[in-house]
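Values in this text are rule-based calculations from the coordinates and carry no lab data. If you're wondering where the values come from, they're calculated on a predicted model, not measured in any experiment. For neighbour counting, all protein chains shown are included, and Cβ atoms are generated from backbone atoms with ideal geometry for every residue, glycine included.
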Amino acid sequence: MNNKFIDEKKISKGDRKELKTAFMRMMGDLAQIQARKEEKLWRTINIDCCLTDILGNLTKDDLNKIRTNLQIKNISNLKKQQLIEHLAVGIPAMLSTLAEVIFDEERFNWFKKIAKNGGYLYSSTMPIDMMIYFRERGLLFTGKKKKKKVIVIPAEVL
């Protein structure tokens, strides 16, 4: 479809109003989805946390996403608690291999910065997509502590 065709086509006032309404509804829906993602990222978290505790606060879908991203096979049918236990052992065991595969220079520098700070970092400027990337691999997690946003590396990973 070329632009000339779109420019030549006349749209009635009624159709324009419907399109505008649909567009505004869609934008509202997108804002709600974004707000839910933000809420999920910034739940209360303990800075001195263990991997089992943090994984326990995730949904089974979140845990399966970690499992899939780490390419851990044959455990998708486990119940949530069993999956948590398996990941809590598997993630630290895989860390040296993971570091070679998933860390580019920028990710490595962020991870190192948080590790040097004792495993947590308040009010970070780390891009959200990078936070999600690390979270979906079980390496760091986001939350709020005393109403401040914080990024945490679990003790076993640290």
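Quick look at the values:
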| read-out | value |
| --- | --- |
| Cut-off 14 Å between beta-carbons: net charge of the residues surrounding residue 98, Lys and Arg +1, Asp and Glu -1 | 0 |
| Farthest toward positive dipole pole in segment 1-103 [+1 Lys/Arg, -1 Asp/Glu at C-beta], among 83, 21, 45 | 21 |
| Estimated FRET transfer efficiency (residue 86, residue 107; beta-carbon r; R0 25 Å; 0.05) | 0.55 |
| Cα→Cβ-extended label distance, 7 Å offset, between residue 146 and residue 36, nm | 3.3 nm |
| Karplus-derived HN-Hα couplings along segment 93-110 (A = 6.51, B = -1.76, C = 1.60, θ = phi - 60°), whole Hz, x at Gly and Pro | 5, 8, 4, 5, 5, 4, 4, 5, 8, 9, 8, 8, 4, 5, 5, 4, 4, 5 |
| Estimated vicinal HN-Hα couplings, Hz - segment 129-145 in sequence order (Karplus 6.51, -1.76, 1.60; Gly, Pro = x) | 4, 6, 4, 5, 4, 5, 4, 6, 10, x, 9, 8, 9, 10, x, 10, 10 |
| Nitroxide proxy distance, nm - points 7 Å out along Cα→Cβ at residue 128 and residue 76 | 2.9 nm |
| Electrostatic dipole magnitude of segment 40-155 [Cβ: Lys, Arg +1; Asp, Glu -1; Cα centre; debye, to 20] | 560 debye |
| Extension gain from residue 11 to residue 99, taking 0.36 nm per residue of separation minus the Cα-Cα distance | 26.2 nm |
| Listed residue pairs exceeding 31 Å between alpha carbons, taken from 20/148; 79/113; 37/116; 20/149; 60/145 | 20/148; 79/113; 20/149 |
| Length-normalised contact order of the chain in % [C-alpha pairs under 8 Å, at least 6 apart] | 30 percent |
| For the chain, fraction of C-alpha pairs farther apart than 28 Å, in % | 36 percent |
| Per principal axis, descending, Cα span of segment 34-93 in whole Å | 33, 27, 18 |
